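Remarks on the structure that follows.
The values are calculated or read from the model by the stated rules, or taken from the named source; none is laboratory data. Please read these numbers as outputs of a predicted model, since none were measured by experiment. Backbone-built Cβ (ideal geometry, glycine too); neighbour counts: all protein chains shown. Keep in mind that these areas ignore ligands, DNA and RNA; they rest on the heavy atoms of the full protein, side chains included. Shrake-Rupley method; radii C 1.70, N 1.55, O 1.52, S 1.80 Å.
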Amino acid sequence: MLLLDYQNVLIESLLRDRLAPDASPSSVDQIVSDFDNVTFHISTPESKSKILVSITIKCWKELVTYGAQAILDREYGPYIVQPEQGYDFSVQVDLDTMASKPQEEKDELVRRVSLLKRNAMAAPFEQAFDEFASLQDQAKNYSSETAPQGVREGGEVRAIHYREEEAIYVKASHDRVTVIFSTVFKEETDRVYGKVFLQEFVDARKRGVQNAPQVLFRHDAPMELQGQPGLRGGRGENVGYVTFVLFPRHLTPQKRDETISHIQTFRDYFHYHIKASKAYIHSRMRRRTADFLQVLRRARPEEADAGKERKTASGRTFRAQA
Amino acid sequence: MASQTPAVVMDNGTGYSKLGFAGNDSPSFVFPTAIATKGPAGGGGGTGSGRPAVANKPNFLSGGAGGHLSGKRGTEDLDFFIGDEALTAASGPGYGVHYPIRHGQIENWDHMERFWSNSIFKYLRVEPEDHHFLLTEPPLNPPENRENTAEIMFESFNCAGLYIAVQAVLALAASWTSSKVQDRSLTGTVIDSGEGVTHVIPVAEGYVIGSSIKSIPIAGRDITYFVQSLLRDRGEPDSSLRTAERIKEEFCYVCPDVVKEFSRFDREPEDRFKKYDVRQPGGRSVTVDVGYERFLAPEIFFNPEIYSSDFLTPLPNIVDTVIQTSPIDVRRGLYKNIVLSGGSTLYKDFGRRLQRDIRHLVDARIKDSEVRAGGQARSGGLDVQVITHKRQRHGPWFGGSLLGQTPEFKSYCHTKAEYEEIGPSIVRRFALLGGPGST
Ligand SMILES: Nc1ncnc2c1ncn2[C@@H]1O[C@H](COP(=O)(O)OP(=O)(O)OP(=O)(O)O)[C@@H](O)[C@H]1O
Ligand SMILES: [Mg+2]
């Protein structure tokens, strides 16, 4: 239901078409945007059968400090090429060498490449999840009083300034990972919708969706973010902080990839829904207006006609009966 | 932020929507302007592609989905698909397909709003607040439609800026890529033929000469129907609309002379007659013969009487009339730059035939007036040129991409702030993009 894909649909469909058995190679040159200040360049600079996919991300430098390179090496190893001028990272798909590969391998490659943004932005989450695992291990040796500072307090806050005014903060502790989104509403209406929408999230657990992560919403920066530079908040500011608390059950090795994909799309999903809700309200308003217009139309003729002279086709006149 | 991101260019046509980013040479997505929602098809006037609709109140304000709003509390209005997915969903149970655009104009705003929201978030994957948008509209679009569009773009999506351009003007800009076009002028006659309707639009320095526009009720869909009827008459094993459309797009061309073409088919049948393999659902494969429809189908532009009984004027005559009814000082420019645009102008030799026929009409008229002047006045002749170019297929989109990437584009847009200050009427006027004085 209005879920957003994790992958880039254009890259996915383009690669799938080109890798199809009966496809004929053709050149392509597209610069396209994706959410969160990501830009892709899909091109065939060398030959039609070598597709170069490059990505640039606003927060690339931060991602690198959180180990993005290692993750990308792991995911794209043999396909990585020298980053294209003006981009942060490039992979190249050679259609000729892929042609002889089994279909599953092609599908897997399409899936991987179309998840380029997701994988690059997974770095701080993966790091935090690993840190959680090690803190959890260490914590087993202590009671809550005897634990050393590092274990009790949890790890560093990893900040990802992925949009001009908005950031994601990830912090691992021995029993949870906290993910905080700072989110800015450009418009008052959106803020109101946003609040209603978030309240649903907050209430989800009360209504018995026990597996859902705990969600908190507030207007000033949560305690976890103390000491972070560039924080805004408080009354009168249009900033909100949405905190997700991920519990160990969300962080198991089986769940972790899905959790990362999911939480990454939160902001876009959130704004998409605000906009979809507005569309829904608009359709109700149109409906209402149409109803009112109909009432008005029905009301008008009686007044205008009352007592007016009318002519029949033959020219005789008569008075309308009031 | 919106100052660095590429503008989003959306050309929503009766049949297909072309979506992408300014600066690219082709749209990122081209899919049917269709939306599938829960419930039966039709309603809301959204039957742009000729599929019969369930009768509905002819009121543009009412949406097909708005049936029993008070009674519904669920999320069924979030349950929909657009584009190819819509057609797939509608082929199964539970969903009905709607076409929110008819004859180039948006008729169902509820559906269109949802179509856009899905286009933007699911396909283009952009936060509309970060981007400027360039949308297109058909010629003679009522200003109310523009306002409705602006309302949705600004109030639902908070888009950073909005520019709405007339498709024909964009098509002229698209022709600048052709080597035959020397000066980048926005004067010319645009023949835009898509799925639902064919327009002949004279444009002088970027302004549409509204009083001279002519529309022809023959376009892609009619040609598809015509091919289909020929396949049916011959009893071909597959005569679905889909097959007819594929055959039309792959095999049809315009011939110089129908009678000669018939005899050519008889003389060299191996060359002329083709075969088309269709894989039917269920895995069975059949072969359809392709014959005279190859040249007969597009011929209905030039000899409409073979298809229609109430519309009989050939396209070249329409073009000639359009130019003749335009102000005299621009006629020369209109003849010299006749630009093709849209999917249904792609037939091989379409431009060549059109140019020849228009030239004949013009020459005959000149001769006639010379005779009447008794040989006193001699005309220098008129240059008739039909421009066929590489970007013709998605002409309006490509023109939008071209203009949307210029440095001044964003300053030509109306912004959200201006919209809030002045209201929807602000979009009744846009400064001319790509006109004289701009790069
Ligand atoms: N190669 C081709 N030869 C002939 N017809 C084609 C070709 N490719 C596409 N078409 C036809 O062009 C039509 C679609 O064109 P286009 O996308 O310009 O229309 P549109 O913009 O959706 O509609 P409109 O402009 O009427 O609102 C379809 O009828 C399609 O069958
Ligand atoms: Mg069109």
Binned Cα-Cα distances of the stretch A:224-269, short to long, each 5 Å bin given as a whole percent: 4, 16, 19, 19, 18, 13, 8, 3, 0
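Within the set of other residues whose C-beta is less than 15 Å from the C-beta of B:F133, count the net charge using Lys and Arg as +1 and Asp and Glu as -1. Don't jump to the answer; show the numbers that get you there.
Numbers: positive: A:K275, B:K18, B:R125, B:R146, B:K410, B:K416; negative: B:D11, B:E113, B:E127, B:E129, B:D130, B:E137, B:E151, B:E155, B:E418.
Value of the local net charge: -3.
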Highest-fluctuation residue, B:G161, B:G196, B:G39 considered, GNM on chain B with Cα pairs under 10 Å: B:G39
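Which pairs break 32 Å Cα to Cα here: A:K101/B:K248; B:K348/B:K410; A:K278/B:K390; A:K275/B:K38; A:K58/A:K140?
Numbers: A:K101/B:K248 35 Å; B:K348/B:K410 38 Å; A:K278/B:K390 40 Å; A:K275/B:K38 20 Å; A:K58/A:K140 39 Å.
In this structure, A:K101/B:K248; B:K348/B:K410; A:K278/B:K390; A:K58/A:K140 exceed 32 Å between Cα atoms.
Using r as the Cβ-Cβ distance of A:R191 and B:R267, and R0 as 60 Å, what FRET efficiency do you calculate, to the nearest 0.05? Don't jump to the answer; show the numbers that get you there.
Working: r = 75 Å, r/R0 = 1.25.
The value I calculate is 0.20.
Pull out a ≥ b ≥ c, the square roots of the eigenvalues of the alpha-carbon gyration tensor of chain A, then state rounded if a/c is under 1.5, prolate if not and a/b is larger than b/c, and oblate in the remaining case. Before the final figure, lay out the partial values.
Numbers: a/c = 2.98, a/b = 1.50, b/c = 1.98.
Taking the square roots of the gyration eigenvalues as a ≥ b ≥ c, chain A is oblate.
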Derived scalar couplings ³J(HN,Hα) [the stretch B:7-18; Karplus, 6.51 cos²θ - 1.76 cosθ + 1.60; whole Hz; x for Gly, Pro]: 5, 8, 10, 10, 10, 8, x, 4, x, 10, 9, 10
Residue among B:L346, B:L361, B:L403 with the largest mean-square fluctuation in a Gaussian network model of chain B, springs linking Cα atoms under 10 Å: B:L361
Inter-centroid distance (Cα atoms) of the stretch A:58-86 relative to the stretch B:121-197, Å: 37
Pair B:D368, A:S47: separation of 7 Å Cα→Cβ label points (nm): 6.0
In Hz, Karplus ³J(HN,Hα) per residue of the stretch B:108-122 (6.51, -1.76, 1.60; θ = phi - 60°; x = Gly, Pro): 10, 6, 4, 5, 5, 4, 6, 4, 5, 4, 5, 4, 6, 8, 8
Rounded percent of accessible protein surface that carbon and sulfur make up, the stretch B:220-300, 1.4 Å probe: 49
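Skip the ligands, DNA and RNA, and give the accessible area per residue of chain B with a 1.4 Å probe, whole Å².
Values: 18530 Å² over 439 residues.
Each residue of chain B exposes 42 Å² on average to a 1.4 Å probe.
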Residues in the stretch A:267-288 occluded by at least 30 Å² - accessible area, probe radius 1.4 Å, against chain by itself: A:Y272, A:K275, A:K278, A:A279, A:Y280, A:H282, A:S283, A:R284, A:R286, A:R287
The stretch A:152-212 versus the stretch B:374-423: alpha-carbon centroid distance in Å: 46
In the B-A interface, the accessible area buried, summed over both sides, Å² (probe 1.4 Å): 3900
Compactness of the stretch B:329-439 - radius of gyration and Dmax, Cα, Å: 20.7, 65
Residues with amide H under 5 Å from that of B:H131, placed H, sequence gap 5 or more: B:A160
Values of log10 I(q)/I(0), in the order q = 0.07, 0.10 Å⁻¹, for the protein assembly as shown under a Debye, Cα-only, solvent-free model: -0.61, -1.15
Sorted largest first, extent of the stretch A:150-278 alpha carbons per principal axis (Å): 41, 35, 24
Label point distance in nm, A:K61-B:H103, each placed 7 Å from Cα along Cα→Cβ: 5.8
Euclidean distance between Cα centres, the stretch A:265-285 to the stretch B:221-236, Å: 44
Cut-off 10 Å between beta-carbons: net charge of the residues surrounding B:I387, Lys and Arg +1, Asp and Glu -1: +2
Inter-label distance, nm, simple model (7 Å from Cα along the C-beta direction), B:S26/A:D175: 5.7
Solvent-accessible surface (1.4 angstrom probe) belonging to B:K275, in square angstrom, nearest 10: 140
Surface per residue (accessible, 1.4 Å probe) for the stretch A:9-120, Å²: 45
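Taking a ≥ b ≥ c as the square roots of the Cα gyration tensor eigenvalues, with a/c under 1.5 meaning rounded and otherwise prolate when a/b beats b/c, else oblate, which class fits chain B?
It comes out oblate by the Cα gyration axes.
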Hits among aspartates and glutamates - C-alpha to C-alpha of B:K260 under 18 Å, sequence gap 8 or more where chains match: B:E268, B:E270, B:D271, B:E293, B:E299, B:D349, B:D357
